[in-house]
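The values are calculated or read from the model by the stated rules, or taken from the named source; none is laboratory data. Predicted model, so just to flag it, every value in this text is computed and none were measured. Every residue, glycine among them, receives a Cβ derived from its backbone with ideal geometry; neighbour counts consider all protein chains shown.
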Amino acid sequence: MTNKWTNIVLALVALTSGVHAMASTYPVTVTDIAGRTVTLPSEPKRIVIQDGRDILTLALLDRSNPFARVVGWNNVLGKNDPGVWKVLLSKWPAAGKIAGISFSSDGQVGMEQLIAQKPELMIAKLRFRKLFQATGVMDKLAQLQIPVVFVDHEEDPIAHTTASIILLGKVLNRENEAAQYATFYQQHLKAVQQAIARQKARPSVFVEALAGKSGLDTCCFTHGKKGWGDLIEAAGGRNLGAQLLPFPTGNVAMEKLLALQPDVYLMTGSGWTNKQSAAIPMGYGSTNAKVKASFGPLLKRTGFAQLKAYKTDRVYAIYHQFSDHPFNIVAVEHLAKDFYPEAFTALDPNNTYQQIIRQFTRIPAVPVITGAPVIKQ
């Protein structure tokens, strides 16, 4: 285990220690993932979610109904992950009536929509902090005495995922539930890291994020030091995107990949509904047949047959949503198994996913495809 990951595992152990069998006492003061001190006068009963994917974190905390406190949100699930949204609606149909609030990618917020819901808390993504400051949103919310807590599963997914869950556990008076999942996460990460530490060489890895989403004429968008980049490193891979990109994300030409010849090639996919999508339909509502049918066109793109990873059958597909997801430990397990198949023969990431669903949430335990080897057609 590298010093970085040793330190993170130790930090997670410390984070989960001493938080069992506790209840929040209000007013409660917390430090959010942005390092801000936030005080909540009472347990929030009316919440606005800036990014709808964070409902999956609430599913770990408010288990009987993660939507119970949500009075307004930006339902990105309906567009970006319709399969999981359908599953959530099947269990909690009233969620379809929650007010939509406009949150743009440049930090603009539909303030009238937000204020109308009389929220007692807004949960927001860390990457939006500077945007909200620049657009004056933070000042407006402060004037309205609406607390904001920033969480993160993407900018630094391994370090911030359990920290975000424990943070919200304290904010929402769900410390026991938060500690239970954080302990599970830490145990699984430690097991992976211990096995990786015994390996002699780290494979070079390239991840094509959103593979095929914009059609078959585009390649190859990737992550550097964020999201999939950090998950690859946590699973014992050497992320080529980190050395190729000056920014957190960007495009790498196929010619560059042919020169570097990564040992492993990853393609992330999801059930996107845009017309031009040729993506691998990973996630809920898909089938093995649909997943396999999507491989051929992607593998026939220019240059692919010359990649070493293609020739050695080391091309893999994985559920894209794990790049910003509280269950990203499942992605770490999938990647570790892909990188070191002989070291992880007994590891079953799909079982880990279902264990999370059954043990820590009330989300229906229906079939979901989270990872798969990409088979030549």
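Of the residues that sit in segment 249-277 and are more than 19 Å from Val76 (Cβ to Cβ), in contact (Cβ under 8 Å) with a residue 40 or more places away in the chain and in a loop (DSSP other than H, G, I, E, B), which one is farthest from the chain's Cα centre (by Cα)? Only one residue fits best here, namely Gln261. Looking only at residues in segment 241-260 that are of a type in the set (A, V, I, L, M) and within 12 Å of Leu307 (Cβ to Cβ), the one that is surrounded by the most Cβ atoms within 10 Å (Cβ to Cβ) is Leu257. Filter segment 329-375 for residues that are crowded, with 19+ Cβ neighbours inside 10 Å, over 19 Å from the mean Cα position of the chain (by Cα) and among the polar types (S, T, N, Q) and give the result. Listed by number, the list is empty, since nothing qualifies. When Met282 is tested against (1) more than 30 Å from Arg174 (Cβ to Cβ); (2) out of contact with any Pro (no Cβ under 7 Å at 6 or more places or on another chain); (3) not aromatic (Phe, Trp, Tyr), exactly one condition is not met: (1). Taken over segment 300-328, residues that are in a helix (DSSP H, G or I) and either over 26 Å from the mean Cα position of the chain (by Cα) or not assigned by TED's automatic domain parsing to the domain that holds Gly271 (or both) amount to 6.
Screening Asp217, Asp263 for residues that are over 22 Å from His325 (Cβ atoms), crowded, with 16+ Cβ neighbours inside 10 Å and not polar (S, T, N, Q) leaves exactly one candidate, Asp263. Selection of segment 220-239 for residues being touching a strand residue (DSSP E or B) at 6+ places or on another chain (Cβ under 9 Å) and either aromatic (Phe, Trp, Tyr) or surrounded by 24 or more Cβ atoms within 10 Å (Cβ to Cβ) (or both) yields Phe221, Thr222, His223, Gly227, Trp228, Gly229, Asp230, Leu231, Ile232, Ala235, Gly237, Asn239. Here the condition is being outside the structural domain of Met282 (by TED's automatic domain parsing), touching a His at 6+ places or on another chain (Cβ under 6 Å) and not small (Gly, Ala, Ser); of Thr161, Thr183, it holds for Thr161 alone.
When segment 139-158 is limited to residues that are crowded, with 20+ Cβ neighbours inside 10 Å and assigned to a helix (DSSP H, G or I), the one that is nearest to the chain's Cα centre (by Cα) turns out to be Pro157.
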